Amino acid sequence: MAINPHNRGPLRTLSVLIVIVLGLYGLLAAVHIWGDGQLTPKLGLDLEGGTQLILEPKIVGDQKINEGQVLKAVDIIRQRVDGSGVAEAEVTTQGGGNIVISLPGSPDKATIAALQKSSQLRFRVVLREDSATPTPVPTSTGTATSKSTAPATSKSTAPATSTPKATSTAKGTATTAPKSGFPQALAAATTPAPTAKPATAKPTTPAVKPKNASDPAWITPDAEKAFTALDCANPKSIDAIVDDPAKPMVTCSTDGQAKYILGRAEVLGSEIKNATSGLQQSQGGATGVYEVRLDFNPAGTKSFCDVTSRIVSLEPPFNQFGIVLDNQVISAPVAQAALCSGNASITGSFTAASSKVLADQLKFGALPMSFALQTRDDISPQLGGDQLSRGLLAGLIGLLLVVAYSLFQYRALGLLTVSSLVIASTLTYAAVTLFGWSYGFRLTMAGVTGLIVSIGIIADSFIIYFERVRDEVRDGRALRAAVETGWARARRTILISDGVNFLAAVVLYVLAASNVRGFAFTLMLTTIIDIIVVMLFTHPLLSILANTKFFGEGHKWSGLDPERLGARTVSYTGRGRVTIAARRAAAEGNQS
Amino acid sequence: MSNFAQFGNDLYTGKRSIEFVGRQKTWYAVSAILLVLAAIGLFGRQLNVGLEFRGGSEFRVSSVTNLDNFETRGKNAVGTLDTGSDVVVTKLGTNTVRIQTERFQNNLTDKVKTALASEFKVGENKITASTIGASWGASVSQKAITALIWFLVLVSLVLALYFRTWKMSLSAVIALMHDLVITVGIYALAGFEVSPASVIGFLTILGYSLYDTVVVFDKVRENTLEAEGNGRLSYSQAANQAVNQTLIRSINTSVVALLPVASILFIGFFLLGPGTLLDLSLALFVGIAVGTYSSIFIATPVLADLREREPAMKELKKRAMRYQAAQARKESTVSSAGNPLAQDGSTGTGGADLQGAVHASSGSGTSATGRPLHPNAQTGPRNQPKRPPKSKR
């Protein structure tokens, strides 16, 4: 059968939709067969139950935790939970001190570890670096220099700029170098921390007063001893590492490949505003190199600027700074310039995954607390199973009512509404399931209700469109022309109204906390699907239908009957045909 | 159906016109009453917020042997003490039942313990009570409010840019706040419990109300631009005509949006009892109904009132009055047609016309280019017998 030339454009648009639908379902099948994706949407905490974790927050140094800190801890935990996707978790407190997290599904060990991870994130300059194992192995952390360089002797040479001063002149030094305010901190640090194990000697006050944090004079004989004694393969000796912000520390990298003597803490985790990961961008587009981008708050910008401007000109390893999380170095990048703009990027042999891990560690590292897992229990759904089935029943009834109403109002055009709604539901189902797989999106009861309600909002796009077409028919336009002009006008209205809806969803998603995010996500999704369906399905199909005799000549049951719509003009439809006249002629032909 | 379609046609051509803009004082009065009621509800009765916002008490019953129907049994046990509404019963692990309720006085806590112990047949020492904090705490609310403010600012900007006048975006936001306050007020008045689900419902209303208003405003803009061009209608008349022309759409949209919500409400009310479904659908039902009302009766009249104050619009009104008076004079000499707006203007221009929207009701006698038409051309081709339409034969 030859294709009507008027239908070519619409058919092409329709085929785009078919490709999208097939693509989505193909992907769904692919992740189900080869991945761990499931074929039904993931359900939320209230419908499927999940796991309840009780964490007890602990502040370093056995301080008593106060109410404000608990609330802060709840916020941090909520942020961590939100950071892992759009699963709507419940975070609350119990008995004033403990934090109760209810997560949908069954979180794996890594997730729980990430939630309870203590996070004292600090930036310290590297004073000495050594391979932890006898054979040098390159590490993957940051742009840390290769560990194949020879032992410590060559490295302990003082940089030309630093001249150790006697203790008596400490105050004077501090005033001449006002950018580092360490003397006070130093004075406070002379008393040894009580918690240290005797096995690893901790660095104490240097005999001579170092000029700044990069001064090798910080490496005291004690620190030297601890450095040699430190065995990065032995978990016990890592546990014994003391992380006092005012003093230098001796520690290992998280992979146990390198050990460091680090200066006092100069940039704190709380001074990092944000950290993201992604491909490095250059003028020619993405370079294929993954990087971690850091944003500092004003205090952090200043400290980071001070550190980088001081160490950039020093020789290795003094030009490196170690990022210490949880007593261990997670990355030790080399400062390549004085970075004073408030943001920085770390590059190195990152993969997409490892850069994300580092970014997350940096981002959530602002909390000076650790959490002890107290209990872990499975938790049953908060809503009984009948809630979901009855909710779906309600949705079905609602859908049928909408179908009945649109058939009543729009007759055969109502069928187009129905098929558009079917396409929209098909797309929504695939999208919700796929987002469940990739972003951990879970449908809660509120989400299900949101989807049911979206039936009405999606159907509204069709109503706007059909009413516009009818308006054009009332003006006496032939149907094909009416469809095109009606579409041109309706499209603008649909786009702006959906745009406003989408804006609402994006703002809520970005700014609100987890409880609202799932809903905002649903709203975003349905708005996009609304536009896709009306653009790629409803309009092209109506254009094709306008070329059929049934709709084009305004059959009584088509919903576009010019006579019923009050069009009184005779209109010329092309090829020598005139709508009303043609129909009358046909009608008379039947009668006689 | 045929009457409904006829009604739509009449509204479109202007044969029938409802004074939405002209009688704005009536609508404002209605809304003012509603708003006062809402304010009484909000400040007099306060919102009844759920335990997700306030925190509450938690009871854990461990070593439960018979877990059949633990949900209803738990609810009933607490319910016998008549302590309030919200009780969440969940199962932890294999044999522990967790019951979360609103915060109790100490003596009541003991009673609840006793009730639970007898219901689940365990010793009272197997029941632990503790307080729980709000899962939707102050910081979450804070964030939601920040998001709301950002949303309003951004939406006002987008609408002002799209419609090229801040007055439209102001009217839309006024209508939005109107909807939100009334919905929340009705919640407070009725004493329904506000759960996170209801908050989500309120947020949906934001989107819906704005959506509805934007659709009407798009038509208002189209009509008023045309009116400004040909000076036949004042701003208010053009806006009113736009509301009338989109009325069928508004009715259809509201019905289509309300049907699924009503069915959830129905099922929730009769089959499920209080819960997420009922909370959400109630908020939505009220909100959508109020949202439709406000986009017709509030947003457009407010907009018209704002715009009519502009000198240019006053000028337009004078022009329109002059034109309409002249039309009426001409009408009375030619025929006995009454309302100058109600003439069938599409006659002379036929199917070749591409500017179909407004001129149809804005009077006859000119072609699309504004030239006067010959009287014969206005009444259609000569010597053509006028047949009544098929349906009237």
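Just so you know, all these numbers are worked out from the coordinates, no wet-lab data involved. Just so we're clear, the structure is a prediction, and the values are computed from it rather than from any experiment. Because the Cβ atoms are built from the backbone with ideal geometry, glycine has one as well, and the counts that use them run over all protein chains shown.
For residue B:184, what charge total do you get from the other residues with a beta carbon under 15 Å from its beta carbon, if Lys and Arg give +1 and Asp and Glu give -1?
Overall, the nearby charge balance is -2.
What FRET efficiency comes out for the pair residue A:71/residue B:110, r = Cβ-Cβ distance, R0 = 35 Å, nearest 0.05?
0.75
Sort A:486-497, B:291-302, B:158-169 for me by packing, meaning the mean count of neighbouring Cβ atoms within 10 Å per residue, highest on top.
With the highest mean Cβ count within 10 Å placed first, the list reads B:291-302, A:486-497, B:158-169.
Give the average, rounded to an integer, of partner chain Cβ atoms located within 10 angstrom of each Cβ in B:317-326.
0
In peptide B:55-65, what is the residue-averaged number of other protein chain Cβ atoms found within 10 Å of each Cβ?
Per-residue shielding by partner chains comes out at 1.
Counting only other chains, and only Cβ atoms inside 10 Å, what mean value do you get across the residues of A:476-483?
3
Separation between the residue A:4 and residue B:146 pseudo-spin-labels, each 7 Å from Cα along Cα→Cβ, expressed in nm?
Rounded to a tenth, the inter-label distance reads 5.6 nm.
Under a plain spin-label model, where a point goes 7 Å from the Cα along Cα-to-Cβ, how far apart in nm are residue B:36 and residue A:351?
Label-label distance for residue B:36 and residue A:351, simple model: 7.0 nm.
Which residues in segment A:36-55 have a backbone N closer than 15 Å to a point placed 7 Å from the Cα of residue A:108 along the Cα-to-Cβ line?
What the label zone holds, given the 15 Å backbone N cut-off, is A:36-38.
Filter the cross-link list A:109/A:302; B:15/B:317; B:25/B:318; A:109/B:111; B:318/B:390 down to pairs whose alpha-carbon distance in this structure exceeds 31 Å.
From A:109/A:302; B:15/B:317; B:25/B:318; A:109/B:111; B:318/B:390, over 31 Å: A:109/A:302; A:109/B:111; B:318/B:390.
Beta carbons within 10 angstrom, averaged per residue: use that to sort the peptides B:17-23, A:461-467, highest first.
In decreasing order of mean packing, B:17-23, A:461-467 become A:461-467, B:17-23.
Could you give the length gained on full extension between residue B:72 and residue B:26, defined as 0.36 nm per residue of separation minus the Cα-Cα distance, in nm?
11.6 nm
Could you check the spin-label model distance between residue A:58 and residue A:343? Points 7 Å from the Cα along Cα→Cβ, value in nm.
Distance between label points: 3.8 nm.
Which of the peptides B:202-209, A:399-406 is most tightly packed, and how do the rest follow, going by the mean number of other Cβ atoms within 10 Å of each residue?
B:202-209, A:399-406
Could you derive backbone 3J(HN,Hα) for segment B:216-231 from the dihedral phi with the Karplus parameters 6.51, -1.76 and 1.60 (θ = phi - 60°), listing whole Hz in sequence and x where the residue is Gly or Pro?
After applying 6.51 cos²θ - 1.76 cosθ + 1.60, I find 5, 5, 4, 6, 4, 4, 4, 5, 6, 4, 5, 5, 5, x, 9, x Hz.
Based on the Cβ-Cβ distance from residue B:305 to residue A:389, what FRET efficiency comes out when R0 is 56 Å, to the nearest 0.05?
0.65
What is the sum of charges around residue A:322, taking Lys and Arg as +1, Asp and Glu as -1, for the other residues whose C-beta is under 10 Å from the C-beta of residue A:322?
So the surrounding residues net to +1.
What FRET efficiency would be calculated for the residue pair residue A:297, residue B:45, taking the C-beta separation as r and a Förster radius of 51 Å, to the nearest 0.05?
0.75
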